[in-house]
Amino acid sequence: MRGTMTRGFLSTTQRDSQGNSLPAACTASPSLGNRALSRSLALLLCLVTGTVSARASDPPAQANTAKSGQTRPTTNDTDLRRWLENMVWYHRYTPAELRTVTGLDPAALEQALQRFRIQPENVPLPEVDPPIFVLPYPGGRHPRTGFLDGAIEPQRETKLSIFPPWDRTSYVVLDVPEAIWSNLGLTYLAHTHIDTIWSKQGLTLPQQEWQTLSDGSLRLTRELPNKIVWQVTATPHRDHLALRMSLTNGTPEWLTDLRVQMCAMLRGMKGFEQQTNDNKIFRGSLAACRNDAGDRWVILGFEPIHRTWGNPPCPCLHADPKFPDCPPGQTREVHGYLSFYRGSDIDTELQRIAQRWKPTAERIVSGRVVDAGTGRPMACRLYVRAESGLWHFAEPATNEGQVIRYEKQNWLNSESQEFHSSISAHPFQLRLPPGRYTVTVECGKEYLPVTQSLVVADQTPPLDIRLTRWINMAQAGWYSGDAHVHRPIPQIGVPMLADDVNVALPMVYWTTRSELTAARGDRTHRDDAARPAQLIVVDPTHVIWPKNTEWEIFAVGGKPHTLGALFALNHKTPFETGIPPVRTVLEQTEREGAFLDMDKHDWPFAMVLPPLLGGHLTFELANNHMWRTEFAFGKWNTPAANSMGLADVNAGGERDWIEFTHRSYWTLLNCGYRLQPTAGTATGVHPVPIGYGRIYVHVPDRFDYDAWVAGLRAGRSFVTTGPMVRVQRNKDQLDVQVDADGPVERIEWIVNGRVESATPTSSKHSPDGSFHAQLQRDTRFESTSWVAVRVWQRSTAGRWRFAHSAPVWFDVAGRPLRPSAQEQEFLIRRMEAERERSRGVLSSDALREYDEALEAYRRLKP
């Protein structure tokens with residue numbers, strides 16, 4: 001109901017989620033004869049019942065008179081930088097608010113902002129297909145609009161800012177928890193104005209901060225003086241924030257009547273600031289608030305629910321749970337859900353949430369994964385899907401374990417999904433409502449996957465999954481890598497182990513605009529960029545090199561203009577240059593022992609790179625459009641050559657894309673550009689696990705990162721999305737070993753870009769279903785030539801997987817390899833079209849590079 005003004009007071013009739021009127025003491029006005037009721041008692045009753053009144057004397061939202069408790073000086077530059085980024089980029093704090101929180105004087109604050117290069121205009125671009133964006137609330141700005149004297153000195157440690165997907169400058173401040181009541185009295189309060197059982201004893205609880213876990217969750221743990229311990233974990237998913245609060249009773253007595261207030265404050269949400277309950281819905285355990293236009297919603301729920309309600313003056317939304325009674329030494333939990341909804345059919349959305357979110361019905365299913373041959377626990381990638389199609393994720397069952405969730409869905413094809421849990425070599429558990437599920441477990445390319453059904457009931461036996469290794473490449477000196485990773489470094493180690501990827505090269509520096517250096521890139525990961533140029537050792541055979549750059553140019557000189565992507569891998573210091581021109585990166589590349597990698601061949605500027613970068617350049621032969629899930633990018637950025645034999649030069653399916661990729665590579669090889677192959681997934685952007693497309697490099701003695709890079713640069717390698725192919729040169733013969741986890745569709749010799757069917761000299765199928773074959777080929781050529789081997793495998797889902805060896809070159813003096821006339825014409829036309837498209841956009845230096853590349857292709861002699 002709308003409030004009516006009575007003698008300067010806002011008088012409202014407030015009701016709980018069942019429609020019952022709440023105590024009049026909390027909506028009292030002088031006309032109701034309650035003048036004798038002390039203000040402190042009224043506030044106490046309001047907290048107990050969850051209702052408040054706002055006085056005309058309450059300060060307006062702009063009057064933020066921060067107290068000393070709002071100042072939280074940091075002890076190191078890393079924390080100071082993170083808090084300044086938090087406040088400036090996302091909360092848009094004023095200089096006065098920044099000084100209040102940091103305790104810095106104006107000069108010191110300005111110096112810090114300049115040193116860290118933080119200003120509102122250089123906020124990084126958001127992650128592609130991100131989870132709900134959550135940050136710790138910085139404090140120093142009151143999260144309420146009204147009834148400020150009911151929340152004096154709000155503590156920031158219980159508060160999270162949750163940003164809607166439509167606006168990174170709007171946010172809900174969620175207090176988890178705002179208050180905890182028990183049979184002991186007011187056991188915890190996240191602000192002051194009335195006494196808790198601790199303040200009555202003269203005890204002040206120490207300040208705390210949220211801890212960021214490796215999987216991106218935020219966690220806060222507090223132990224109270226009487227050994228009650230409560231913990232809140234907030235886990236961002238693509239479409240909601242999952243919340244879990246546990247309470248452990250360390251006292252010698254039962255804890256009863258454990259009511260918790262969970263408050264979502266809406267002052268920072270544009271369009272949701274109205275001080276009314278007319279824009280709110282309370283249904284069961286869910287509370288929802290709409291914006292002015294009625295087409296966007298904030299939804300909050302907790303289970304087991306005590307009540308839902310809203311407080312107009314704040315304004316805020318409550319879903320207050322109640323813990324079951326807790327005996328000494330035991331732990332109880334409540335579960336929460338916060339999401340955003342765009343649309344007008346809120347009833348259907350609330351029904352959808354109620355059907356899928358059933359935390360009190362969940363059963364815990366424990367599990368472990370072991371190597372079938374050794375019995376040892378092993379890391380793995382786990383998929384769990386309900387009959388309804390809903391994906392579920394694992395969590396660690398022990399303190400030693402780690403689980404990293406991955407949730408990506410392509411924006412062009414909604415069926416292109418990758419929802420899995422990467423699990424360390426420790427026990428895990430699943431929280432699942434009763435029902436039927438499909439469970440799939442994989443570990444990279446060298447173990448056979450396992451898929452089985454799971455029925456969850458009141459008593460569900462543990463999952464004991466055994467993976468069978470069908471090949472051991474490391475024993476033969478072959479180690480895999482993913483040269484294109486877009487995940488924060490803390491979230492890479494466990495997935496590497498779960499997919500047995502030995503080397504990961506994350507694109508820590510990443511820019512999409514030509515005028516930005518890599519160090520100042522609009523997608524550069526600042527925490528990871530601050531790391532030293534030192535190898536990160538996950539274990540002795542799994543490592544991360546943290547200095548890699550992607551220039552992915554979509555704007556030149558401030559104008560939208562797509563060029564494409566170029567990587568610098570294995571460098572030592574940030575590149576202080578943008579591109580184009582592209583040759584500006586060569587000097588540092590050479591000096592630091594780095595190398596450059598061509599991302600996708602169909603990027604508009606891709607074919608300008610080989611003539612300019614020469615031997616510094618590699619070619620991503622398994623690129624980031626090749627996935628475990630459905631193919632999505634069916635339209636090419638630039639057309640294929642007519643001579644490549646594709647049904648459509650502008651579009652196609654997965655097999656067509658692979659052919660287009662490979663034949664573009666062969667064309668460059670035939671033109672004399674001896675580019676070594678690489679592989680990368682862009683996991684972190686696309687729906688694909690790390691290492692789905694990977695490069696195996698031969699390191700014969702023992703694993704060593706520098707030796708691995710040297711082997712990649714020398715072409716002692718092959719690229720794969722499934723099968724294995726190892727090529728060894730012995731005088732005038734090539735010896736080839738082909739291995740696959742199942743039947744092989746076709747084995748091919750690729751000779752100077754010409755495809756020939758290859759017949760094994762011997763082959764066998766092992767009892768585990770794997771396939772193994774040997775091939776030989778005479779290599780006496782009359783002119784300079786190259787040979788590679790390609791293996792095709794059709795997976796059970798009807799998908800294509802392949803392996804492609806690095807080319808082996810055979811030089812014949814005075815008899816150079818020459819491209820075909822069609823190959824030369826393809827490259828010339830590509831360059832002419834790109835030069836014309838970029839005229840008037842690129843600088844004269846950059847256009848001269850295009851002219852130089854064009855001339856290089858024209859000089860070729862077919």
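Set the bar at 27 Å for Cα to Cα. Now go through K559/K635; K445/K572; K559/K600; K200/K358; K159/K280; K280/K408 and name every pair that lies beyond it. Please report the intermediate quantities before stating the final value.
Working: K559/K635 24 Å; K445/K572 31 Å; K559/K600 22 Å; K200/K358 39 Å; K159/K280 22 Å; K280/K408 31 Å.
From the list (K559/K635; K445/K572; K559/K600; K200/K358; K159/K280; K280/K408), the Cα-Cα distance tops 27 Å for K445/K572; K200/K358; K280/K408.
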Spin-label pair T398/V123, simplified geometry with 7 Å Cα→Cβ offset, distance in nm: 4.3
Computed FRET value (nearest 0.05) for R848 with R815, which takes r as the C-beta separation and R₀ as 35 Å: 0.55
Residue-by-residue Karplus 3J(HN,Hα) for region 530-543, coefficients 6.51, -1.76, 1.60, Hz, glycine and proline x: 6, 6, x, 7, 10, 5, 9, 9, 6, 7, x, 10, 9, 9
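Extension gain N650-D239, at 0.36 nm per residue separation less the Cα-Cα distance, in nm? All intermediate terms of the calculation are to be shown ahead of the outcome.
On the way: separation 411, 0.36 × 411 = 147.96 nm, distance 3.43 nm.
That works out to 144.5 nm of additional length.
What is the extension gain from K635 to Q774, computed as 0.36 nm multiplied by their sequence separation minus the C-alpha to C-alpha distance, in nm to one decimal? Could you put the intermediate results ahead of the total?
Details: separation 139, 0.36 × 139 = 50.04 nm, distance 3.73 nm.
Result: 46.3 nm gained on full extension.
Which whole-number percent is the relative contact order of region 703-759 (Cα, under 8 Å, 6+ apart)? Write down the numbers at each step before the final one.
Values: 44 pairs, mean separation 10.6, N = 57.
In percent, rounded to a whole number, it is 19.
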Antiparallel bridge percentage (DSSP; both residues within the chain; nearest 5): 90
Efficiency of FRET between T360 and S388 - r from beta-carbon atoms, R0 22 angstrom, step 0.05: 0.75
Cα-projected label distance for T221 with R342, points at 7 Å along beta-carbon direction, nm: 3.9
Only Lys, Arg (+1) and Asp, Glu (-1) charged, at Cβ; the chain dipole about Cα centre in debye: 840
Global form of region 388-463, assessed from the alpha-carbon gyration tensor, a/c cut-off 1.5: oblate
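Evaluate the charge dipole of region 296-367 about its Cα centre and quote only its size in Debye, nearest 20, assuming +1 on the Cβ of each Lys and Arg and -1 on the Cβ of each Asp and Glu.
Approximately 120 debye in magnitude.
Expressed in whole Å with the largest first, what are the equivalent ellipsoid semi-axes of region 349-390 derived from the C-alpha gyration tensor as the square root of 5 times each eigenvalue? Intermediate results must be reported in sequence, preceding the final value.
Details: eigenvalues 213, 28, 9 Å².
After diagonalising the Cα gyration tensor, the semi-axes are 33, 12, 7 Å.
Relative contact order (percent) for the chain, with alpha-carbon contacts under 8 angstrom and 6 or more residues of separation?
Values: 2007 pairs, mean separation 60.7, N = 862.
Once divided by the residue count of the chain, the mean separation gives 7 percent.
Tell me whether region 483-537 comes out rounded, prolate or oblate; compute the Cα gyration tensor, take square roots of the eigenvalues as a ≥ b ≥ c, and use a/c under 1.5 as the rounded threshold.
Details: a/c = 2.68, a/b = 1.98, b/c = 1.35.
The shape class here is prolate.
Taking N as the number of residues in the chain, what value does Rg over Cα atoms divided by 2.2 N^0.38 Å take?
Details: Rg = 30.8 Å, N = 862, 2.2 N^0.38 = 28.7 Å.
Output field value: 1.07.
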Value of Rg to Rh for region 743-862 (Rh from inverse mean 1/r over Cα pairs, i.e. Kirkwood): 1.14
Note, ³J(HN,Hα) from phi for region 163-176, Karplus 6.51, -1.76, 1.60, rounded to Hz, x at Gly and Pro: 9, x, x, 8, 7, 7, 10, 10, 7, 9, 9, 9, 8, 10
Per-residue SASA entry for S766, accessible area with 1.4 Å probe, Å² rounded to 10: 30
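Between K270 and R583, what is the FRET efficiency for a Förster distance of 51 Å, r being their Cβ-Cβ separation, to the nearest 0.05? Don't skip to the end; give the middle numbers.
Working: r = 46 Å, r/R0 = 0.90.
FRET efficiency, K270 to R583: 0.65.
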Computed lengthening from H765 to D371, 0.36 nm per intervening residue step minus Cα-Cα distance: 139.7 nm
Projected label distance in nm at S795 and T440, using a 7 Å step from Cα toward the beta-carbon: 0.6
Placed amide H near C314: partners under 5 Å, 5+ positions off or other chain: G146
Whole-Hz ³J(HN,Hα) from phi, Karplus 6.51 cos²θ - 1.76 cosθ + 1.60, for region 146-151, glycine and proline x: x, 6, 6, 6, x, 8
Among Q201, A386, V744 the positive-end extreme of the charge dipole of the chain (Cβ point charges): Q201
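With a cut-off of 8 Å between alpha carbons and a minimum separation of six or more residues, what is the relative contact order of region 717-862 in percent? Please list the in-between numbers first.
Working: 263 pairs, mean separation 33.0, N = 146.
Relative contact order of region 717-862: 23 percent.
The values are calculated or read from the model by the stated rules, or taken from the named source; none is laboratory data. Quantities reported herein were computed from a predicted structural model and do not represent experimental measurements. Here the Cβ is made from the backbone with ideal geometry for all residues, glycine too, and neighbour counts use every protein chain on show. Note: areas computed on protein heavy atoms with side chains; ligands, DNA, RNA excluded. Shrake-Rupley method; radii C 1.70, N 1.55, O 1.52, S 1.80 Å.
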